[in-house]
Amino acid sequence: MTMQRIKPHLPWITLLVLTAMVGVVDPNFLRPANLLSLAGDIVPLFIMALGLTFAIYIGGIDLSVQSMANMITVIASIYLASLGAWVAVLCIAAGFGLGMVSGFLTTRLCVPSFISTLAVGGVCFSIAQWLSGNRALNMDAEQRNAVFGWMIGHTGIVPNELFLAAALLALCLFIERRTILGRVLKAVGAGEPAAKASGIDVGRYKMLAFAISGALAAIAGLLFSVKLSGGAPTIANGFLLPAIVAVLVGGTPLTGGVGGVLNTLIGTLIVAVIRASMLYLGVEATQQQMLFGLVLIGAIALTIDRSKLRTVK
Amino acid sequence: MKMKLTRENVIRWAPALVLLGLVVLFTAINPAFLSQRNLARIALAATPPMMVALGVTFIIVMGSIDLSMEGAVSLCAVLFCLLFLKLGGSLGAGAWLAIPAILLCGAFFGWLTGMVHVRLQIPSFMASLAMGFVGTGAAVLVTGGDIVRIDDDVFRALLTWRILGFPLMVHIAVLLVLLAWFIQNHTTLGRNFYAVGGGEELAHASGVNVRRVRLAGFALAGVFYAIAAIFQVARLGQAESVTGANLMFIAITSVVVGGVALWGGIGGVLNAVVGVLIVNVIGNGMVVIGLPNYLQDGLLGVLVIVAVVLSTDRRLVSFAK
């Protein structure tokens, strides 16, 4: 086994080592029920990171996901009463559409995605503030349970969110591995000029990547509002950086073309384990963020596969 | 040399034209926008982001990115306040030493980010993102989540002493812009930033020590973040672990709006200045013309897009990431 062959496996090895380390300190951590509920808690973050993977996979970034999720919690809370289950369609369509706008700005108007998605995020924030009148909104509990109750209960000891996450992961994996879209996105990430030169309408596929990112951020927002039974224009704040970190730690670098949605699954779990481990290891609240940064540097230094990066920018 | 009205020239001056257009627009709607008081308000609000933008400009010109500024500014601000108080709490009584100390501290933090990026071969986006967490975390750790106040009249003169109607720190900021411009155009280091940004392999082949240039760039950016921290403290009279919050997106947006390309080698300090002014004029103008609060973020986004679209030469850019 040379280093070169171990490299692609480092993300999940890191995950196992981290989990084992926490388990040694506190065996309670390793109880299946505990691990499952830990996993259930991070599903909104995971779904968001899943969408973000597509944007990063093509060498872009989507900074609108957090504002998108915020906006969706507001939309879901307001329109659940009148639309019932159709509110899910509205939410996903809104996410898809606004993602499409980011994609349009990036591909057709040559605005870097860093800026275009940030701007679309600003628009989402405005819409959320306008719709909600800057107040926290509540869902009708009975109606929420009737329409979306299946999202948040338990089946045995398994939180239902995990099924939703698994279904979306399978869908994304299918898109990535088995569709033309997935292949084109890989080509774009590996080398956009070459992809263009081989006759692909790169712009259209890139727009779709941003749209998928938007749609998944919307689903994350919907799940979030169902979990909290309400919405507010800032309720999902603090999700953006962890979502980016989850994608990067999993081994999908910002240069694109490497990694994928499975990596994001592992990356999200690594982030979750790091976060949870601080509780289990009794790290004081004031030290947590600094330690998170340091562990992050270590995790990224270990997991990132540099063999496909020509220069490290 | 006579300026000709060619495509290139129009696009080169587009950010400045956008700025001019915005000023005319807001003044037309509410003449109070151009009042001396309001201009001073804009300048004051723009000063700390301007310093951050200058620092990150060097990094972006190299084709890298730095997202550590929020952590760096928070940490420097907190350390500055603590050191200032420890050294007597008055600028006259030896506390001035805190200023060079904190500039060094900023340089060290930037250099550390550079080391993580260059030595561990981690792309700057992730290296600086993680170092940002470390910076904010260290600020929390040092303060224990508390606020540190400074009320030294001599130090607060940066804010309260007005020359020609503008606070002292605005004048200092102008000098620092000139300094940054000088570094960029008239030092080897400044030219090397462009060499690295224009093509790292080419720069390496022509004998530029790319690693050292990167390290120096991050350290230099760190110094500007430290200056931003000092201005923030002077403006607010206090420091805490969120002193640097929101500076990251504002600074990078400004730099890009001003016409610095995220892929490196294009634009520079003056673009950053125009960009910061555009973003601050938009922010202030929307308040002055009395738009409802909830519209501001969305409109800022739309206007930023318009500014970037107008100042990008789409014939030269084959694709955007």
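Go through the range A:1-79 and tell me which helices (runs of 4 or more DSSP H), entirely inside it, have 1 or more residues that are under 22 Å from A:G257 (Cα atoms) and touching a Phe, Trp or Tyr at 6+ places or on another chain (Cβ under 8 Å). Outline the logic, then answer.
Numbers: elements: A:3-6, A:10-25, A:32-41, A:43-57.
Ranges flagged: A:43-57.
Condition test on B:A101, is it buried (at least 23 other Cβ atoms within 10 Å of the Cβ), more than 18 Å from the chain's Cα centre (by Cα) and closer than 30 Å to B:S90 by Cβ? In short, no. Taken over the range A:38-59, the criterion of being within 14 Å of chain B (Cβ to nearest Cβ) and surrounded by 24 or more Cβ atoms within 10 Å (Cβ to Cβ) is satisfied by A:L52, A:F54, A:A55, A:I56, A:Y57, A:I58.
Among (1) in contact with a helix residue (DSSP H, G or I) (Cβ under 7 Å, 6 or more places away or on another chain); (2) at pLDDT below 90; (3) small (G, A, S); (4) closer than 16 Å to A:G221 by Cα, where does A:G189 come up short? Here A:G189 clears every test but (4).
Listed here are the residues, each with its yes/no results for (1) over 17 Å from B:R235 (Cβ atoms); (2) not polar (S, T, N, Q).
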site	(1), (2)
B:V148	no, yes
B:H171	no, yes
B:L178	yes, yes
B:N185	yes, no
B:G198	yes, yes
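When we screen A:G231, A:G221, A:G256, A:G250 for residues that are at positive phi and either surrounded by 21 or more Cβ atoms within 10 Å (Cβ to Cβ) or modelled with pLDDT under 90 (or both), the only hit is A:G256.
Return a yes/no flag: does the range A:133-155 have any residue that is exposed (fewer than 13 other Cβ atoms within 10 Å of the Cβ), in contact with a helix residue (DSSP H, G or I) (Cβ under 8 Å, 6 or more places away or on another chain) and farther than 30 Å from A:V74 by Cα. No, the range A:133-155 contains no residue that is exposed (fewer than 13 other Cβ atoms within 10 Å of the Cβ), in contact with a helix residue (DSSP H, G or I) (Cβ under 8 Å, 6 or more places away or on another chain) and farther than 30 Å from A:V74 by Cα. Taking (1) more than 19 Å from A:L254 (Cβ to Cβ); (2) touching a Leu at 6+ places or on another chain (Cβ under 8 Å); (3) surrounded by 19 or more Cβ atoms within 10 Å (Cβ to Cβ) in turn, A:L181 satisfies each apart from (3).
Of the residues making up the range B:24-56, those that are within 24 Å of B:L168 (Cβ to Cβ) and of a type in the set (V, I, T) are B:I42, B:T47, B:V52.
Among residues of the range A:29-77 being of a type in the set (S, T, Y) and out of contact with any strand residue (DSSP E or B) (no Cβ under 7 Å at 6 or more places or on another chain), the one that is farthest from A:E142 (Cα to Cα) is A:Y57. Are any residues in the range B:70-98 within 14 Å of chain A (Cβ to nearest Cβ) and surrounded by fewer than 24 Cβ atoms within 10 Å (Cβ to Cβ), and if so, which ones? None; the set is empty. Inspect the range B:166-181 for any residue being surrounded by fewer than 23 Cβ atoms within 10 Å (Cβ to Cβ), of a type in the set (G, A, S) and more than 14 Å from every other protein chain (Cβ to nearest Cβ) and give the result as yes or no. So far as the range B:166-181 goes, no, none of its residues is surrounded by fewer than 23 Cβ atoms within 10 Å (Cβ to Cβ), of a type in the set (G, A, S) and more than 14 Å from every other protein chain (Cβ to nearest Cβ). Pairs linking a residue in the range B:201-221 that is within 13 Å of chain A (Cβ to nearest Cβ) and on the phi < 0 side of the Ramachandran plot to a residue that is assigned to a loop (DSSP other than H, G, I, E, B) and buried (at least 16 other Cβ atoms within 10 Å of the Cβ), with Cβ atoms under 6 Å and 6 or more positions apart or on different chains, are B:G217/B:M62. Within the range A:243-254, the set of residues being assigned to a loop (DSSP other than H, G, I, E, B) and facing another protein chain (nearest Cβ under 7 Å) comprises A:P253, A:L254.
Figure legend. Inter-residue proximity from the range B:12-23: first residues hydroxyl-bearing (S, T, Y), second residues buried (at least 16 other Cβ atoms within 10 Å of the Cβ), beta-carbon distance below 6 Å, spacing 6+ or different chains. No pairs are indicated. Summed over the range B:246-273, the residues that are of a type outside the set (V, I, T) and part of a helix (DSSP H, G or I) give a count of 8. Given the criteria in contact (Cβ under 8 Å) with a residue 40 or more places away in the chain and of a type in the set (S, T, Y), does B:S90 qualify? Here the answer is yes, as B:S90 does meet what is asked.
Just the residues that are farther than 20 Å from A:M290 by Cα and either at pLDDT below 90 or not aliphatic (A, V, I, L, M) (or both), please, taken from the range B:219-249.
Restricting attention to the range B:219-249, the residues satisfying the condition of being farther than 20 Å from A:M290 by Cα are B:219-221, B:223-224, B:227-228, B:230-238, B:249.
Once the filter is applied, which keeps residues that are farther than 20 Å from A:M290 by Cα and either at pLDDT below 90 or not aliphatic (A, V, I, L, M) (or both), the range B:219-249 yields B:F224, B:F231, B:Q232, B:R235, B:G237, B:Q238, B:F249.
For the range B:262-284, does any single residue satisfy the condition of being facing chain A (nearest Cβ under 9 Å) and more than 17 Å from the chain's Cα centre (by Cα)? Let's see the steps before the verdict.
Within the range B:262-284, the first condition is being facing chain A (nearest Cβ under 9 Å), and the residues that meet it are B:262-264.
Narrowing the set further to residues that are more than 17 Å from the chain's Cα centre (by Cα) leaves B:263.
For the range B:262-284, residues facing chain A (nearest Cβ under 9 Å) and more than 17 Å from the chain's Cα centre (by Cα): present.
Checking each residue in the range A:106-120 for being facing chain B (nearest Cβ under 7 Å) and surrounded by 24 or more Cβ atoms within 10 Å (Cβ to Cβ) picks out A:T106, A:V111, A:S113, A:I115, A:S116, A:L118, A:A119, A:V120. Selection of the range A:122-132 for residues being within 7 Å of chain B (Cβ to nearest Cβ) and either within 21 Å of B:V260 (Cβ to Cβ) or touching a strand residue (DSSP E or B) at 6+ places or on another chain (Cβ under 8 Å) (or both) yields only A:G122.
The values are calculated or read from the model by the stated rules, or taken from the named source; none is laboratory data. Everything numeric in this text was worked out from a predicted model, so none of it was measured. As a convention, Cβ positions derive from the backbone with ideal geometry for all residues, glycine included, and neighbour counts pool all protein chains shown.
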